[in-house]
Amino acid sequence: MSASALASNPEQGVSDEALEAFREEVAQWFAVNRPPEPEFLLPESFMEVGSEEQFVYLRDWQRKLYDAGYLGMAWPKAYGGGGRPQVYQDIVNAEMARQKLPFVPNTIGLNWAGPLILAIGSEAEKQRYIRGILNADDIWCQGFSEPDQGSDLASSQLRAVRDGDHYVLNGSKIWTSLGSHAKYMILLARTNPDKPRYDGLSFFLVPMHTPGIEARPIRKLTGEYGFNQTFFNDARIPADCLMGREGEGWKIAMLTLTFERGATGGQAGGIARMALGVGDVLELARRSRRDGRPALEDPFVRDQMVRFMIEDQGDKLCGARGAIPALCSERPQAIPLSNKLRRSEHMRRLLQFSLSLQGANAVRWMGDANAVDAGKWQRSYFNSFASTIGGGTSQIQANIVGERVLGLPKD
């Protein structure tokens, strides 16, 4: 949602003048405090953080951002947040994106685990975890998917067996981004195999440094690391790592996914990726050549660019539209439930189009001296598929929209 739209909302209780002054303050601070360009290649998102130097660079940037008061601005002061209206954090996020600043690495903590703990966690859990999430002392990862279960999350087989004051974990999880750097994991595990599959699952906040837990990095299609497969071999965790009660894991996991997919607000802020956007592709179209002329002069290219620009603007305005009942009363869940599907597929198609502008050069890769812009478009295109898979594949997202918004039958 744009700052101007939020400023007109009386619930924010902030004047337009105050917001504009804050926007100028933020823009100036970022201009002065922008971290220096590193000598190594920065990852595009938390899903590509593979080296220690990348991790340290991004962690230090998050700490600086938090120390300046520009992260967790709407989270409660009692747990390390700023206690301010959400509109202030929205302005910071927008300015970070506008100036193309590095992303903050603790994406799972800031956007999924933290909001979940604030929403349903105990007072002890809030005191224990929230501040560390904000200042990057405690990096979080996610243990939902399993190698043999695909997208069928309810079929999770990793076992958690109660043994006195502990649970003993055995099994493995996959696609645990930041797993090799994380201090904690949000984990879905099966505590009772005799109950129906939804009822036999429980949710844990697991310390990753527990003996018997090992995260092994996985090399991606792009050659980068960041994903892991995490193995649990008789790993003993304290019983108070259980969130809620035994058997509530599915309900808590589904709430977590609403944060991950952007259907529920409450995230701490900061940008989660350094993505190429419509403006970048527009500039590429100006530089690219087609039949000896700028590609942007080609009617087909111009038509496609306009379509992408309209779609991009529509997505940006969806937040404001969703807050106005008269504009979404017929299907009030359409915007939040389609958010992840719309944005991830838009980015994938946009980057695919960027390759088509390059003609035969589209086959070149990073390191090729003749690659357009050092091959960053190819890298971004392949990385874009991660967003169409993580948090529920595009096919699953389409099913959610079909069933919960349109009322279509499951079959």
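Readers should treat all values here as calculations from the given coordinates under stated rules, not as data from a laboratory. Here the structure is a predicted model, which means the values were calculated and not measured. For neighbour counting, all protein chains shown are included, and Cβ atoms are generated from backbone atoms with ideal geometry for every residue, glycine included.
What is the magnitude of the charge dipole of region 278-405 about its Cα centre, with +1 placed on the Cβ of each Lys and Arg, -1 on the Cβ of each Asp and Glu, and no other charges, expressed in debye to the nearest 20?
Numbers: 19 positive and 14 negative charges, 24 e Å.
Computed charge dipole of region 278-405: roughly 120 debye.
Of Glu345, Glu52, how do they rank once you tally other Cβ atoms within 10 Å and put the fewest first?
On the way: Glu345 17, Glu52 10.
With the fewest neighbours first, Glu345, Glu52 line up as Glu52, Glu345.
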Karplus (6.51, -1.76, 1.60) ³J(HN,Hα), θ = phi - 60°, over region 49-57, in Hz, Gly and Pro reported as x: 6, x, 10, 5, 5, 5, 4, 4, 4
For the chain, size of Cβ-based charge dipole, Lys and Arg +1, Asp and Glu -1, in debye: 540 debye
Selected from Trp61, Met185, Ser151, residue furthest toward positive end of dipole (the chain; charges at beta carbon): Ser151
Among Phe103, Met309, Ala275 - extreme Cα towards positive end, dipole of the chain, charges at beta-carbon: Met309
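At 4 °C and 1.567 mPa s, grab the translational diffusion coefficient of region 138-198 from Stokes-Einstein with a Kirkwood Rh over Cα pairs, rounded to a whole number in µm² per second.
Details: Rh = 12.4 Å.
Translational diffusion coefficient: 104 µm²/s.
Expressed as cubic angstrom per residue, what is the convex hull volume of the alpha carbon set of the chain?
On the way: hull volume 66.9 nm³, N = 411.
Cα convex hull per residue, to the nearest whole number: 163 Å³.
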Label-point separation in nm, Gln99 to Asn192, each point 7 Å along Cα→Cβ: 5.3 nm
Cut-off 13 Å between beta-carbons: net charge of the residues surrounding Phe30, Lys and Arg +1, Asp and Glu -1: +2
Under 13 Å from Lys100, Cα to Cα: aspartates and glutamates that are on another chain or at least 8 residues apart: Glu37, Glu44, Asp280
Under the Karplus curve 6.51 cos²θ - 1.76 cosθ + 1.60, θ = phi - 60°, whole-Hz ³J(HN,Hα) for region 288-293, x wherever Gly or Pro sits: 6, 10, 9, 6, x, 10
For region 140-260, alpha-carbon Rg relative to the globular expectation (2.2 N^0.38 Å, N residues): 1.00
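At a threshold of 8 angstrom on Cα-Cα distance, excluding pairs fewer than six apart, so keeping six or more, what relative contact order does the chain reach in percent?
Details: 681 pairs, mean separation 61.2, N = 411.
Rounded, it is 15 percent for the chain.
Taking neighbour counts of Cβ atoms within 10 Å as a proxy for exposure, in what order, fewest first, do Trp175, Trp29 appear? Don't skip to the end; give the middle numbers.
Details: Trp175 22, Trp29 16.
In order of increasing Cβ crowding within 10 Å: Trp29, Trp175.
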log₁₀ of I(q)/I(0) at q = 0.30 Å⁻¹ - region 197-250, Debye sum with one point per alpha carbon: -1.07
Spin-label zone in region 149-181 - amide nitrogen under 12 Å from a point set 7 Å from the Cα of Ala239 along the C-beta vector: 162-168
Gyration tensor over alpha-carbon atoms, region 278-405, equivalent ellipsoid semi-axes in Å: 33, 18, 10
Paired Rg and Dmax values of region 5-164, which use every Cα atom, in angstrom: 18.4, 59
Extension gain from Asp60 to Ile389, taking 0.36 nm per residue of separation minus the Cα-Cα distance: 115.6 nm
Reach of Lys126 by Cα under 30 Å, taken over lysines that are not fewer than 8 positions away in the same chain: Lys64, Lys77, Lys173, Lys183, Lys251, Lys340
